[in-house]
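Visitor: Provided herewith is a single structure, encoded as structure tokens, for subsequent inquiry.
The values are calculated or read from the model by the stated rules, or taken from the named source; none is laboratory data. Quick caveat: nothing in here was measured; it's all calculated off a predicted structure. Heads up, the Cβs are rebuilt from the backbone with ideal geometry, glycines too, and the neighbour counts pull from every protein chain shown. These area figures cover heavy atoms from the full protein model, side chains too; ligands, DNA and RNA do not enter into them. Shrake-Rupley method; radii C 1.70, N 1.55, O 1.52, S 1.80 Å.
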Amino acid sequence: MSDLNDLLDDIKRRMDSALESLRRDFSGLRSGRASPALLEPVRVEAYGGEVPLTQVASIAVPEARMITVQVWDRVLAGAVERAIRDAGLGLNPAGEGQTIRVPIPQLTEERRNELAKAAARYAEGAKIAVRGVRRDGMDKAKGFEKKGDISQDDVKTWSDAIQKTTDQYVKKVDDMLAEKEKEIKQV
């Protein structure tokens, strides 16, 4: 039975990291104020791959409705500007050499709906991650059965425990989404 506890602990740890990733994604969805976290999900095409924006530039908030991005390598300024524009955040950056200014527009009703949809996409990604962890746990349980370490009844017990844990984490994701949508829709 300690194997089940070890497996459940591993599953919970991995599902917690999916929730933490969702929290980071949600912190990037603004509710009216400029924040460096807004640009955290932005990935830039640089050095032969995609890297987080924070690895090629520094982000500052000089005023409530403006973010400035200081690109370290002048060659990447255009790529950073494109990445911010294409990130689906509804931002229109303006480049000035190695500095990119990102004005934060007022939230209109339409923009609030776009942000709510983005939040729903992030939440769905977290649910997919949680279900992937569940699948891995189920596969491990079946692997123990194949090796003869546990019986079919134990596999059923383990599967039920894994599913119950998964349901709890999916509910946490739904609760986080409902709270974020409420925050976004608040005028």
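Visitor: Does Arg85 satisfy being assigned by the TED database to the domain that holds Met176, part of a helix (DSSP H, G or I) and not polar (S, T, N, Q)? Full working, then the answer.
Guide: Working: assigned by the TED database to the domain that holds Met176: no; part of a helix (DSSP H, G or I): yes; not polar (S, T, N, Q): yes.
Answer is no for this residue.
Visitor: Does Arg121 qualify as being at negative phi, in the same structural domain as Ile162 (by the TED database) and open to solvent by 30 Å² or more (accessible area, probe 1.4 Å)?
Guide: yes
Visitor: I'm trying to understand the selection: among the residues of the stretch 160-187, which are in contact (Cβ under 8 Å) with a residue 60 or more places away in the chain and among the acidic types (Asp, Glu)?
Guide: Glu181, Glu183
Visitor: Name the pairs: first residue in the stretch 120-132 and within 17 Å of Lys12 (Cα to Cα), second residue of a type in the set (Val, Ile, Thr) and in a helix (DSSP H, G or I), Cβ to Cβ under 7 Å, at least 6 apart or on different chains?
Guide: Partner pairs satisfying both residue conditions: Ala126/Val173; Lys127/Val170; Lys127/Val173; Val130/Thr166; Val130/Val170; Val130/Val173; Arg131/Thr166.
Visitor: Also: I'm trying to understand the selection: among the residues of the stretch 25-50, which are at pLDDT 85 or above, under 15 Å from the mean Cα position of the chain (by Cα) and more than 12 Å from Leu89 (Cα to Cα)?
Guide: Selection gives Arg43 alone.
Visitor: Moving to a separate point now. Of the residues that sit in the stretch 93-135 and are acidic (Asp, Glu) and part of a helix (DSSP H, G or I), which one is nearest to Ala178 (Cα to Cα)?
Guide: Glu124
Visitor: Which residues, taken from the stretch 135-159, are modelled with pLDDT under 90 and open to solvent by 100 Å² or more (accessible area, probe 1.4 Å)?
Guide: Lys142, Lys146, Lys147, Gln152, Asp153, listed by residue number.
Visitor: Also, quick follow-up: Would you call Ala34 farther than 30 Å from Asp149 by Cβ, part of a loop (DSSP other than H, G, I, E, B) and among the aliphatic types (A, V, I, L, M)? Reasoning before the result, please.
Guide: Working: farther than 30 Å from Asp149 by Cβ: yes; part of a loop (DSSP other than H, G, I, E, B): yes; among the aliphatic types (A, V, I, L, M): yes.
Criteria met by Ala34.
Visitor: Using beta carbons and a limit of 9 Å, which pairs, at least six apart or on different chains, have the first residue in the stretch 59-74 and open to solvent by 40 Å² or more (accessible area, probe 1.4 Å) and the second one among the polar types (S, T, N, Q) and assigned to a loop (DSSP other than H, G, I, E, B)?
Guide: Partner pairs satisfying both residue conditions: Val61/Ser35; Arg65/Gln106; Gln70/Gln98; Trp72/Gln98; Asp73/Gln98; Arg74/Gln98.
Visitor: One residue is enough: does the stretch 1-15 have a residue meeting the conditions open to solvent by less than 80 Å² (accessible area, probe 1.4 Å), closer than 26 Å to Thr99 by Cβ and at pLDDT below 85?
Guide: Checked against the condition, which is being open to solvent by less than 80 Å² (accessible area, probe 1.4 Å), closer than 26 Å to Thr99 by Cβ and at pLDDT below 85, the stretch 1-15 yields no hits at all.
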